[in-house]
Structures are given as C-alpha cells and as structure tokens.
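Asks: Just passing along the structure, written as structure tokens.
The values are calculated or read from the model by the stated rules, or taken from the named source; none is laboratory data. Please read these numbers as outputs of a predicted model, since none were measured by experiment. Ideal geometry is used to build each Cβ from the backbone, glycine not excepted, and the neighbour counts take in all protein chains shown.
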Amino acid sequence: MPARPLPVNAIRLDVPTLKQRHKSNFLPRNTYLKPDTKTLKDFKSFGSGSVSLAPRYAPGIALIELRNAEKKNAMSPKMMVDLTRAVGDLETLCKDTEDEKEGSDLVGVVLCGEGGDLCSGFDLSSTPPTKAFHPSFSTQMSTLMHQTLHRLRRLPLITLASISGHAIGGGAELALSCDYRLISPHTRLKFVQIGMGVTPGWGGGVYLQSHLRHGKVLEILGTGRSLGAEELRRLELAEVVDGEKICVREAGVEFLRKFTHDAQGNLRPAHVVREMKRLVSAASGVGTEEEWEMLEKERESFVRLWGQWANRQAVEKFVGTGKGERNNL
Ligand SMILES: C[C@@H](C(=O)O)C(=O)SCCNC(=O)CCNC(=O)[C@H](O)C(C)(C)COP(=O)(O)OP(=O)(O)OC[C@H]1O[C@@H](n2cnc3c(N)ncnc32)[C@H](O)[C@@H]1OP(=O)(O)O
C-alpha cells in the first residue's frame, strides 16, 4: 500500500526562533560557567608565568598574552586563574548598552603567547605529583578550563589565536576554542593527549568536532600526530601567514582589521559586528548549552584517566628525562 502523507498538523516544528536562541544561549553568565571560588583560591598562587590582558591594544581589538616563555608558555594553575579573569574582564567590557553610541568599541581579541609559541598545555612541572595526581585536581583544572574557554567562545567578539611556534596538548585546545587561527609556516599543532595517557580535558575534543568530520577527528586525536601549516591550511583549521617568523601580535591585529574597519578605512559599528558574531555562533551551535553538555562528557573521560598509570608514566617521563624521549608515540 503506498505511504500516505502525514497530515500537516502532525508535523511539529519545535525549532526555537532566533530571538529565543539568542536569549537562552547568550545570557551574560550562566551559573554553570561561574568559576568555583575554592579552585580560584587553590590555583591563584600555584606555579610561574602570567596571562595579561590589554583591553585596548589596537582600535577595537584586545590582546591576551600568555607569558611563560621558558616553558613554551605552558599553563600553570596561576595562569589559568589569570586567563579566567581576563575573559571575565572582556565579558564586562563588551556588554551592550541601550545607547549604542555609549557602548563598547570592542570587536575582536587576539590570543597569543610570549615569543610566538601559543602554549604547550598544562605546565607539567608546576605542580608536585601528590597534588597533580589527586583526583580533585583534575576535576578542578578541567572544570575551570572548560568554563573559561567556553566563556571565551561565547564572547560576542571575534577571537583569533595567533601562533608562530607550537600549540601542544591543552595549547591546541586553546587554539581550537577561538574563531580563527593565524599561523606561520613553522607552526606545529599537536593533540598530544593520547601520548600523555589522557583524552582532551580543556574542550579541544569537542571543539575539533565542530570543524572536521568524525573519522578525521578520531585520527588526529587517536594518533596524536603533529599537524603542520600546510595540513592545517588544507583542513581549513588555520590561515597561514608567509614569513620566516611572524610577529604574532601585529599579524593578529592585521588579520582582524577587516572586522574593525571597512574597505575605506572607517571604523565599523562595533555593536553590529558583535551582533553578527552572536548570530553566527547561535546558528552554528558555538558556545551553546548543547556544546556545554558535550564538554561534560569530555570532562568525565579526562578526569577518569588523569592520574592513572599511563598518565603518570608519561608525565614522570616528561618531567624527568631529556628531550629526545618526550612524547615518543
Ligand atoms: C591538560 C592536558 C590537556 O591536553 O588537556 C595537557 O595539556 S597535558 C600537557 C601536554 N603537554 C606536553 O606534553 C608538553 C610537551 N612539550 C613538548 O612536546 C615540547 O617541549 C615542545 C612544546 C614541542 C617544544 O619542544 P622544543 O624542543 O622546542 O623545546 P623543549 O622541549 O626544550 O622545551 C623548552 C623548555 O620548556 C619546557 N616545557 C615544554 N612544555 C612544557 C610543559 N607542558 N610543562 C612544563 N615544561 C614544559 C621543557 O621542559 C623545556 O625546559 P628545559 O629548558 O628546562 O629543559
């Protein structure tokens, strides 16, 4: 018997209107994104390095810089707190006001690291093993970094990671949390987590899915192989800037200029660019509550594996041995 078409009233379209999505997904700060005060207190004086925010680095553009160059900008617990504060300050600075003329002129933010490397992940030598491998530590670290990078992703600003060297482990996750990645021909991006006996714990497992097909994501995360500039460009994960060594700050500002200025060199209305970012993010599911639910799953896996035998061995090997043996997958 031929199938009869469904009566029209049997089809329910529960798709929320843009206004509803906008409202539900971009509330100023949802409680699940509020950092735990105990974690901030525990982490704030742990380890070296810092993260700075220059809110008006260039017209319409803020700059966040990771500073721990002697460790390739590895992120200590203290730096995680600094980054959380920087993102919180940006949230406050780009709040829209009723009077658009009074509002913020911020349009974008460049994220970079001192010396050109973005970040080499968690600072493995910042925290003694008794603390680092305590189950509460992985929960605290992963929750804080998930919240902070998710808040960075939800900003109504165009976010760009500018990298001329490495983005490794958590550093690759940091890069993937941004809208764009600007790289040099020498940049290496590596999801080294499999070699560290863990799965991603700062959001990269989820964020990579929003760019690539399932099999490719699995292959990149499941092998931990290094991705060079040519492949990153081909996969549309990054834009490559020519040159031996790029100045990450200036190249980042130059890249964002098309969003801050029109072709005649006039400043664009910042609140409209921010609204455009909100619209595109809502339509593509970036920074939404659904994405947060996937991050919870990622966190569960990371917390289960961190501190287990494979992870301990890899961390101890990194901290205790010479270069040649590191991350030898
Ligand atoms: C939380 C988790 C996650 O993904 O979610 C993670 O992030 S786990 C963390 C994942 N990260 C890693 O496994 C870091 C791996 N690091 C590396 O593979 C390498 O260091 C590169 C980043 C590729 C750079 O290699 P390159 O040969 O150019 O330099 P290098 O190895 O001599 O590094 C320069 C100095 O930085 C230090 N260094 C580099 N990465 C570090 C890290 N994550 N923690 C602590 N120290 C680190 C090195 O020990 C070395 O110190 P000395 O000069 O004193 O010898």
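Asks: Please find, among S45, S50, S142, S104, the residue that is modelled with pLDDT of 95 or more and away from the ligand (no atom under 13 Å from the Cβ). I'd like the intermediate steps shown before the answer.
Replies: Working: S45 fails: modelled with pLDDT of 95 or more; S142 fails: away from the ligand (no atom under 13 Å from the Cβ); S104 fails: modelled with pLDDT of 95 or more.
Only one candidate passes the filter, namely S50.
Asks: List the pairs whose first member sits in the range 203-230 and is more than 25 Å from R154 (Cα to Cα), whose second member is in a loop (DSSP other than H, G, I, E, B) and β-branched (V, I, T), and whose Cβ atoms are under 6 Å apart, counting only residues at least 6 apart or on separate chains?
Replies: A229/T187
Asks: Residue under question is K78, and the condition is that it be surrounded by fewer than 22 Cβ atoms within 10 Å (Cβ to Cβ) and either within 15 Å of the ligand (Cβ to nearest atom) or not polar (S, T, N, Q) (or both); does it hold? Steps first, please.
Replies: Working: surrounded by fewer than 22 Cβ atoms within 10 Å (Cβ to Cβ): yes; either within 15 Å of the ligand (Cβ to nearest atom) or not polar (S, T, N, Q) (or both): yes.
Yes, satisfied.
Asks: Moving on. Just checking, which of S162, S210 is away from the ligand (no atom under 16 Å from the Cβ), at pLDDT below 95 and under 24 Å from V280 (Cα atoms)?
Replies: Values: S162 fails: at pLDDT below 95.
Going through S162, S210 in turn, just one is away from the ligand (no atom under 16 Å from the Cβ), at pLDDT below 95 and under 24 Å from V280 (Cα atoms): S210.
Asks: Can you confirm whether T187 is at pLDDT 95 or above, farther than 23 Å from V110 by Cβ and either out of contact with any His (no Cβ under 7 Å at 6 or more places or on another chain) or within 13 Å of the ligand (Cβ to nearest atom) (or both)? Before you say what the answer is, go through the steps one by one.
Replies: Details: at pLDDT 95 or above: yes; farther than 23 Å from V110 by Cβ: no; either out of contact with any His (no Cβ under 7 Å at 6 or more places or on another chain) or within 13 Å of the ligand (Cβ to nearest atom) (or both): yes.
So T187 fails the test.
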